[in-house]
1. In region 285-343, what residues are touching a Leu at 6+ places or on another chain (Cβ under 6 Å) and of a type in the set (A, V, I, L, M)?
2. Return a yes/no flag: does region 26-34 have any residue that is more than 29 Å from the chain's Cα centre (by Cα), exposed (fewer than 13 other Cβ atoms within 10 Å of the Cβ) and either of a type in the set (Asp, Glu) or assigned to a loop (DSSP other than H, G, I, E, B) (or both).
3. Could you look through region 323-357, keep only residues that are free of Cβ contacts under 8 Å to residues at least 24 places away in the same chain and surrounded by 15 or more Cβ atoms within 10 Å (Cβ to Cβ), and pick out the one that is farthest from Lys13 (Cα to Cα)?
4. If I filter region 251-263 for residues that are under 17 Å from Gly41 (Cα atoms) and either free of Cβ contacts under 8 Å to residues at least 60 places away in the same chain or surrounded by 14 or more Cβ atoms within 10 Å (Cβ to Cβ) (or both), do I get at least one hit?
5. Restricting to region 198-216, name every residue that is β-branched (Val, Ile, Thr) and crowded, with 24+ Cβ neighbours inside 10 Å.
6. Might you let me know whether region 364-380 holds any residue that is aromatic (Phe, Trp, Tyr) and under 18 Å from the mean Cα position of the chain (by Cα)?
7. Select from region 338-366 the residues that are basic (Lys, Arg) and part of a loop (DSSP other than H, G, I, E, B) and list them in ascending order.
8. Grab the strands (runs of 3 or more DSSP E) fully contained in region 65-174, keeping just those with 3 or more residues being touching a strand residue (DSSP E or B) at 6+ places or on another chain (Cβ under 9 Å), under 30 Å from Glu265 (Cβ atoms) and not aromatic (Phe, Trp, Tyr).
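The values are calculated or read from the model by the stated rules, or taken from the named source; none is laboratory data. What you see is a predicted model; the values in this text were computed from it and never measured. Backbone-built Cβ (ideal geometry, glycine too); neighbour counts: all protein chains shown.
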Amino acid sequence: MSKLALNGGPKIKLDSWPEWPVYNEKEKNMLMEVLESRQWGTLGPKVLKLNEKFASFIHAGHALSVSSGTSALEVVLRALGIGYGDEVIVPPYTFMATVTSVLMVNATPVFVDIDPDSNCIDSEKIEDAVTSRTRAIIPVHISGTPADMDEIMKIAGKHNLTVIEDAAQAHGSEWKGRKVGSIGTAAIFSFQLSKNITSGEGGMITTNNKELADLCWSVHHVGRSRNGEWYRHYRLSGNYRMTEWQAAVLLAQLERLEAQGNIRERNFRILNDSLDSIEGVETFKIDPRVTRHSHHLYMFKYKREHFNNAPKTRFIEALNAEGIPSGYGYIEIHQQPLFKTPEVKKILTRDINYESLELPETKRACSETVWIPQNALLAPEKDMENIAGAILKIRENRNEL
């Protein structure tokens, strides 16, 4: 008789996980305020209040709400004047928007492999990728894990580069006591549905540079100037503004972020302690310079040789069958068919064969890293035991995979 739920055996976890997104009367009241105000558009009081509160939360001088994390990246790149002929250093283990935003301003993405201890860009490999065309580095704080901002800022200073922190998954994470989003030249955050605070879609730009903040404001507002006439436009741009509806939801969401973060942190530590004892599973340790972690994802490494050599896809099927939500994570971005298109090839500053790039740590991460979503980390402690129990059950019955 099969023991794995995948093959008809009993499931480890029978009841449901915490629903996401979380909301209560605060969101409802905020939305009713917008409804009754009839200010349903953009640049209204809720948006302005959110900008102020988020800047204070990040300890940044300026914050600007936009329509998505993807548009936030494009707005910053446009505001910095990055375009055709320029190169931007990016990691290959990230969501596609980190790279497509560079292409959308007609600049060339240059990939640097990741650090296997964090799945963030490997700071020791960045300098070798710098050329006379390099204008910026976009480190991604993957899963809420801050990249090595000390070394990245050092390299940027040496070569006069801008640093755009992709903090889409890192709301509240800290590097040596400083909130990510306040360290680089600028930063972006996402409020997409899966994120730790969400309005379904939405994004935020933070910076300590007032001139850059004003330029971002202009770019996100169809090229207008803060002090200019309404129908006078100063630069080529589009509409990337956030609505009052989104801001209303986010103001309520922001209030519970810290308390939820404490629960995620507790459960992360419980999971790490439990999984460390299971052969074939490797946990990610927290760098001591990371003083706060948002835990947007719980990541661990799956070593197939300890599981009857079953591929990661099969392991995840087995884990989901046991009632444990889990995902495959990213695929290698540089292998995406997008990079073979004529549209992309005519943007590039040089003939780059992305498909042939040797990025071994990214390849390994894509074949080994398993994701558990952040809402699962909001569950009671006993459910962390269920996660570990399910993985152990699969390991002990690996012959069924």
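1. Within region 285-343, Ala310, Ala318, Ala321 meet the criteria.
2. No, because not a single residue in region 26-34 is more than 29 Å from the chain's Cα centre (by Cα), exposed (fewer than 13 other Cβ atoms within 10 Å of the Cβ) and either of a type in the set (Asp, Glu) or assigned to a loop (DSSP other than H, G, I, E, B) (or both).
3. Just the residues of region 323-357 that are free of Cβ contacts under 8 Å to residues at least 24 places away in the same chain, to begin with: 335, 337, 339-343, 345-346, 351, 353, 355-356.
After this cut, where a residue has to be surrounded by 15 or more Cβ atoms within 10 Å (Cβ to Cβ) as well, the list is 335, 339.
Details: Gln335: 36, Phe339: 41 Å.
That would be Phe339.
4. Yes, the conditions are met somewhere in region 251-263.
5. Initial filter on region 198-216 (β-branched (Val, Ile, Thr)): 198, 205-207.
Of everything in region 198-216, those that are β-branched (Val, Ile, Thr) and crowded, with 24+ Cβ neighbours inside 10 Å turn out to be Ile205, Thr206, Thr207.
6. First, pick out the residues of region 364-380 that are aromatic (Phe, Trp, Tyr): 371.
From what's left, under 18 Å from the mean Cα position of the chain (by Cα): 371.
Yes, region 364-380 contains at least one residue that is aromatic (Phe, Trp, Tyr) and under 18 Å from the mean Cα position of the chain (by Cα).
7. Residues of region 338-366 basic (Lys, Arg): 340, 345-346, 350, 363-364.
Result: Lys346, Arg350.
8. Details: elements: 87-90, 108-111, 134-137, 162-166.
It comes to 162-166.
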